[in-house]
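Everything on this sheet refers to the single structure shown next.
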Amino acid sequence: MTVTTNSFDRILAGNAIFARRLTLREPELLAKTAKGQAPEVLWLGCADSRIPETTICDCKPGDIFVHRNIANILTPDDINSASVIEYAVGFVKVNRVMVCGHTKCGGANAAMGDDDLGDILNTWLEPMRALRRQHKSELDKLLTADAKANRLAELNVFRSLEVLKQNPIVQKAMAERGLTLHGLLYDIPAGELLVLEDGKTHVTATTETQHRLNR
Amino acid sequence: MAEQQQQPKHKRTISRYLQQSHERIFENNRKWVESKTRSDPEFFAKLSAGQSPEYLYIGCADSRVPANEIMGLDAGEVFVHRNIANMVPNTDLNVMSVINYAVRHLHVKHIVVCGHYTCGGVKAAMTPADLGILNPWLRGIRDVYRLHEAELDAIPDEKAKYDRLIELNVVESCRNIIKTAAVQQSYQDNQYPIVHGWVFDLKDGLLKDLKIDFEAMLEGIKKIYNLASSPDRRASTTD
Ligand SMILES: [Zn+2]
Ligand SMILES: [Zn+2]
């Protein structure tokens with residue numbers, strides 16, 4: 001297969017529309033963002049194409065500082081995410097950190113098994129696979145592969161929140177200026193963002209969504 | 001780093017204000033779902049069937065550069081990694097796992113590295129200061145400076161020098177992506193992905209294509225970093 005430039009030209013055309021719309025409808029936003037950023041939120045989410053944070057939250061450029069990786073995994077020794085957290089919390093001074101997992105996550109699915117995905121992905125997914133082993137009895141009780149992977153995605157969010165709580169710059173900001181941490185789960189089939197509360201399962205989900213998640 | 005615009009806020013109103021901004025996100029999310037469903041009732045059903053994005057975007061974590069929005073793309077169209085100053089360090093497991101997954105499992109056709117002018121991360125790297133935990137990360141940008149020292153030192157204007165470093169940092173990230181076995185092997189077998197370098201300008205919202213000559217860069221890199229034709233090509237065990 002030969003890659004044509006079509007799909008690439010399409011982007012540059014899309015960008016021209018974005019820029020024109022912003023210039024016409026919100027010239028003050030463009031002027032404001034050119035001066036600096038003061039986002040309220042740091043978003044730590046999955047690289048999955050179906051969860052564009054600014055779009056699904058109907059936010060604007062300048063609203064959300066973003067790090068996205070495979071399966072929103074946070075580990076204390078990863079300097080990539082640690083630098084983002086340091087910069088966002090320590091310098092940009094966001095007021096809240098949101099860790100967002102999601103249903104139908106390819107990373108969570110892969111972490112449900114031990115297939116050899118190559119050194120890089122095996123190593124990256126290991127914390128999530130360890131989490132699966134740790135919660136084996138709970139996960140075994142769930143009936144479908146989907147339900148298991150969704151629960152693992154949730155457990156992974158709680159795990160990431162624990163990693164954040166151990167981070168000195170986060171601890172300092174929580175104590176000194178009331179930085180808050182939030183766990184979220186984005187449900188792809190519904191397009192809905194759900195708040196996770198410690199230990200509980202998708203508490204704010206509508207009955208319909210809960211039904212589907214539990215099935 | 002002096003990017004933060006301090007808003008004078010009375011302490012007592014802060015928590016109420018925060019609560020409102022939090023609720024706004026959920027409210028906006030519900031509105032977005034409604035409007036999407038209205039224009040395409042099958043939108044979420046299609047997304048839940050799986051993702052097959054054509055693009056991998058590697059950009060800065062900066063809030064002012066929302067990846068898919070600046071590209072005019074919707075949910076499901078672009079796989080995204082964002083970090084401080086759109087770096088692709090050769091030994092960073094985080095970004096390497098994203099590239100690996102996008103190339104080997106999602107078969108993306110294009111990989112875009114997108115920097116932006118007035119990048120705070122690049123600015124910080126140009127500032128002679130100890131930035132603690134950020135030091136090892138920003139060292140990558142200082143290395144880009146060193147690689148292009150002659151060119152950068154010859155630019156008298158500080159702003160022009162800063163802009164050029166931002167561009168060169170994008171070029172070096174592209175080079176590091178092309179160094180991976182995943183990209184070299186996939187390109188040899190499929191003629192994709194193609195790697196592109198862009199810079200986003202916050203002043204007018206436009207993307208500038210640095211017009212990286214992918215083929216030429218790949219050929220240059222293969223002289224030293226050829227990983228496409230190793231005798232034991234086990235796709236699953238190399239990067
Ligand atoms: Zn995911
Ligand atoms: Zn930046």
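The values are calculated or read from the model by the stated rules, or taken from the named source; none is laboratory data. Everything quoted here is computed from the prediction, not taken from an experiment. Cβ sites come from the backbone with ideal geometry, for glycine too, and all protein chains shown count toward neighbours.
Below is a table of values for the structure above.
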{"quantity": "Single unsatisfied condition, residue B:91 versus (1) outside any loop (DSSP other than H, G, I, E, B); (2) over 24 Å from residue A:89 (Cβ atoms); (3) among the β-branched types (Val, Ile, Thr); (4) without any contact (Cβ under 8 Å) to a residue 40 or more places away in the chain", "calculated": "(1)"}
{"quantity": "Some residue of the stretch B:94-104 being within 16 Å of ligand 2 (Cβ to nearest atom), within 7 Å of chain A (Cβ to nearest Cβ) and in a strand (DSSP E or B)", "calculated": "no"}
{"quantity": "Residue A:103 being surrounded by fewer than 22 Cβ atoms within 10 Å (Cβ to Cβ), away from ligand 2 (no atom under 16 Å from the Cβ) and β-branched (Val, Ile, Thr)", "calculated": "no"}
{"quantity": "Selection status of residue B:109, more than 16 Å from ligand 1 (Cβ to nearest atom) and facing chain A (nearest Cβ under 8 Å)", "calculated": "yes"}
{"quantity": "Verdict on residue B:183 being within 17 Å of the chain's Cα centre (by Cα), closer than 23 Å to residue B:106 by Cα and either acidic (Asp, Glu) or more than 11 Å from every other protein chain (Cβ to nearest Cβ) (or both)", "calculated": "yes"}
{"quantity": "Subset tally (residues that are within 14 Å of ligand 1 (Cβ to nearest atom), farther than 17 Å from residue B:98 by Cα and more than 10 Å from chain B (Cβ to nearest Cβ)) for the stretch A:103-139", "calculated": "1"}
{"quantity": "Test: residue in the stretch A:58-65 that is at the interface with another protein chain (Cβ under 7 Å from one of its Cβ atoms) and under 30 Å from residue B:180 (Cα atoms)", "calculated": "yes"}
{"quantity": "Failed item, numbered, when residue A:44 is tested on (1) within 16 Å of ligand 1 (Cβ to nearest atom); (2) more than 7 Å from chain B (Cβ to nearest Cβ); (3) within 25 Å of residue B:33 (Cβ to Cβ); (4) in a loop (DSSP other than H, G, I, E, B)", "calculated": "(4)"}
{"quantity": "Number of the condition not met by residue B:57 [criteria: (1) in contact (Cβ under 8 Å) with a residue 24 or more places away in the chain; (2) touching a Gly at 6+ places or on another chain (Cβ under 8 Å); (3) within 16 Å of ligand 2 (Cβ to nearest atom)]", "calculated": "(2)"}
{"quantity": "Filtered residues of the stretch A:70-92 (kept if within 15 Å of ligand 2 (Cβ to nearest atom), of a type in the set (Ser, Thr, Tyr) and closer than 25 Å to residue A:130 by Cβ)", "calculated": "A:83"}
{"quantity": "Residue within the stretch A:137-157 that is among the acidic types (Asp, Glu), part of a helix (DSSP H, G or I) and free of Cβ contacts under 8 Å to residues at least 24 places away in the same chain present", "calculated": "yes"}
{"quantity": "From A:71, A:19, residue being within 16 Å of ligand 1 (Cβ to nearest atom), surrounded by 19 or more Cβ atoms within 10 Å (Cβ to Cβ) and assigned to a helix (DSSP H, G or I)", "calculated": "A:71"}
{"quantity": "Pairs where the first residue, in the stretch A:63-76, is more than 16 Å from residue A:105 (Cα to Cα) and the second is in a strand (DSSP E or B) and within 9 Å of ligand 1 (Cβ to nearest atom), C-beta under 8 Å, 6+ apart", "calculated": "A:66/A:45; A:67/A:45"}
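Residues are listed down the side, and each one gets a yes or a no for (1) hydroxyl-bearing (Ser, Thr, Tyr); (2) modelled with pLDDT under 90; (3) part of a loop (DSSP other than H, G, I, E, B):
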residue: B:26; (1), (2), (3): no, yes, no
residue: B:30; (1), (2), (3): no, yes, no
residue: B:34; (1), (2), (3): no, no, no
residue: B:53; (1), (2), (3): no, no, yes
residue: B:59; (1), (2), (3): no, no, no
residue: B:62; (1), (2), (3): no, no, yes
residue: B:68; (1), (2), (3): no, no, no
